[in-house]
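Contents: one structure, followed by commentary.
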Amino acid sequence: MKTQVFKIDPQKPDIDKIRAAAGVIKSGGLVAFPTETVYGLGADALNAKAVLTLFKAKRRPLDNPPIVHVCDVKDVQRLVKEISSEAKKLMKIFWPGPLTLILKRSAIVPDVTVAGLDTVAVRMPNNNVALALIKESNCPISAPSANLAGKPSPTSAEHVLEDLDGRIDAVLDAGSTSIGVESTVLDLTVCPPQVLRPGGTPFEALAKAIGKVELDPASVSDQALSLEKARSPGVKHKHYAPNAEMVLVEGDSVEAIVNKVIELVGLYEERGKRVGVLGTDETVKYYGMSVVKSLGSRGDSAGLARNLFRLLREFDTENIDVIIAEGTPTTGLGLAVQNRLRKAASYNIAKAQAIPH
Ligand code: TXA
Ligand code: MG
């Protein structure tokens, strides 16, 4: 299959290109498109055959359902049993935007679209290209991140093509995404609501909007949880992993983290490994080896989020054997960054202890 690439203006998308892409969706094909978080790989959510093709193209396990994207709150009505006042409030405050809501699904949603669950994940993306595509396709669009299963999510059309060129019908290329990590997944079928995946909508903002909200322990765990304990289907699978082995260094002080990173670099280099460091603006000066990248400033969690997946992919193009990454602050989007770093490292976490002076 040849993958068609449509360059498209992110602000004022060319309607002819949107219509061509919508035509592909309507006929059961697969189109990758930008959202404000990461690129998604879209298929008609109500067409079971198309959704099955989607799972195959990204080699995604069939037990992990993608998010259903809508362009209008009204579209949610027919996908779910009921929209509670709390759900309405959240949609009003956060949509369009990086918040996915888990609700009880209606009978029109095919089983494959929700992996046989009795719930469905819905969101309205804050991106003109995505919204126009959903509108012109005239159907809700199932879209997981447009990467091969297990790889870092794509924040540009180039990343999509790295993984999926020749496996999907088309890509709408509108440049880099603005947020860089996926949406926050909030389960509204439990009381109090529970964040299953921290993401582009900060936990603090949700707490401010609805009062009581919890974090699913699995979403903030520093260990891989047993399968029974994982509430979100996505939790059980390998995620965001670069080809290189990765160690994440977490600790209370930046000084302790830096010292531990330097120690680990030495250990791996002694073993003949090519080591890369993922540091921050404040710390990269302490690392003297050849491949050192900065995730951004430790005080700017939105910046850290924006760079994360691109940098993980970059290490792989530089033949690095081991990535040593610094843990970063967990407020705002930092919680999502920590969650992605831990998974990318397959929970291979080294704790840095402060040395008493
Ligand atoms: O920002 C995003 O959310 C991106 C863009 C493309 O919108 N999409 C995305 O989709 O990250 P995906 O499929 O890669 O991640 C969806 C997450 C997975 O962790 C999945 O397990 C969870 O949502 N999920 C989907 N349906 C669910 C359900 N009914 N109950 C619980 N978790 C669900
Ligand atoms: Mg994904």
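The values are calculated or read from the model by the stated rules, or taken from the named source; none is laboratory data. Keep in mind that what you see is a predicted model, and the values were worked out from it rather than measured. In this analysis, Cβ positions are derived from the backbone assuming ideal geometry, glycine residues included, and neighbour counts consider all displayed protein chains. The protein model used for the area step is the full one, side chains on, heavy atoms only, and it has no ligands, DNA or RNA in it. Shrake-Rupley method; radii C 1.70, N 1.55, O 1.52, S 1.80 Å.
Just a few scattered comments:
- Helix content alone sets the calculated 222 nm mean residue ellipticity of the chain: runs of n ≥ 4 DSSP H residues at -39500 (n - 2.57) each, divided across all residues, give -9000 deg cm²/dmol.
- Sequence-separation-based contact order of the chain, relative, with Cα cut under 8 Å and 6+ spacing, percent: 19
- Viscosity 0.692 mPa s, temperature 37 °C, Stokes-Einstein D of region 67-146 from Kirkwood C-alpha radius, µm²/s: 259
- Separation of the residue 107 and residue 165 label points, Cα + 7 Å toward Cβ, nm: 4.7
- Evaluated at q = 0.13 Å⁻¹: base-10 log I(q)/I(0), Debye formula over Cα of the chain: -0.99
- Placing pseudo-labels 7 Å out from each Cα toward the beta carbon at residue 74 and residue 189 gives an inter-label distance of 2.7 nm.
- Under the simplified labelling scheme, the residue 207-residue 82 pair shows an inter-label distance of 2.9 nm, with each label point 7 Å from Cα along Cα→Cβ.
- Filtered trypsin sites (Lys or Arg not before Pro), region 247-292: DSSP coil and at most 12 other beta carbons within 10 Å: 271
- q = 0.18 Å⁻¹, region 245-352: log10 I(q)/I(0) [Debye, one scatterer per Cα]: -0.80
- DSSP assigns beta bridges within the chain; of those with both partners inside it, close to 35 percent run antiparallel.
- Residue with peak Gaussian network fluctuation, the chain [Cα springs, cutoff 10 Å], from 34, 192, 152: 192
- Descending by average beta-carbon neighbour count within 10 Å, the peptides 336-343, 286-293 line up as 336-343, 286-293, the highest first.
- When +1 charges are put on Lys and Arg Cβ atoms and -1 charges on Asp and Glu Cβ atoms, the dipole computed for the chain relative to its Cα centre reaches about 940 debye.
- Take the Cβ atoms of residue 255 and residue 52, set R0 to 35 Å, and the FRET efficiency comes out at 0.10.
- At q = 0.11, 0.18, 0.20, 0.21 Å⁻¹ the log10 of I(q)/I(0) for region 100-222 amounts to -0.46, -1.21, -1.37, -1.42, computed by Debye summation with a single uniform scatterer per C-alpha, solvent ignored.
- Dipole of the chain, positive direction: furthest Cα of 23, 94, 5, with charges on the beta-carbon: 23
- Placing a label point 7 Å from the Cα of residue 2 along the Cα-to-Cβ line, the residues of region 139-180 whose backbone N sits under 13 Å from it are 166, 170.
- Overall dimensions of region 1-145 as given by Cα atoms, namely Rg and Dmax in Å: 14.3, 46
- Ellipsoid fit via the Cα gyration tensor, region 171-303: semi-axes of 32, 19, 17 Å, each the root of five times an eigenvalue, largest first.
- For the chain, complete DSSP H runs whose alpha carbons reach 18 Å or more along their own long axis and whose mean Kyte-Doolittle score is 0.5 or higher are 254-270.
- Region 121-259 - percent of accessible surface contributed by carbon and sulfur, probe 1.4 Å: 48
- Under 26 Å from the Cα of residue 208 - lysines, other chains or at least 8 residues apart: 74, 88, 89, 92, 104
- Heavy-atom accessible area per residue - the chain, 1.4 Å, Å²: 42
- In a simple Cβ point-charge model (Lys, Arg +1; Asp, Glu -1; nothing else charged), region 42-82 has a dipole of about 240 debye relative to its Cα centre.
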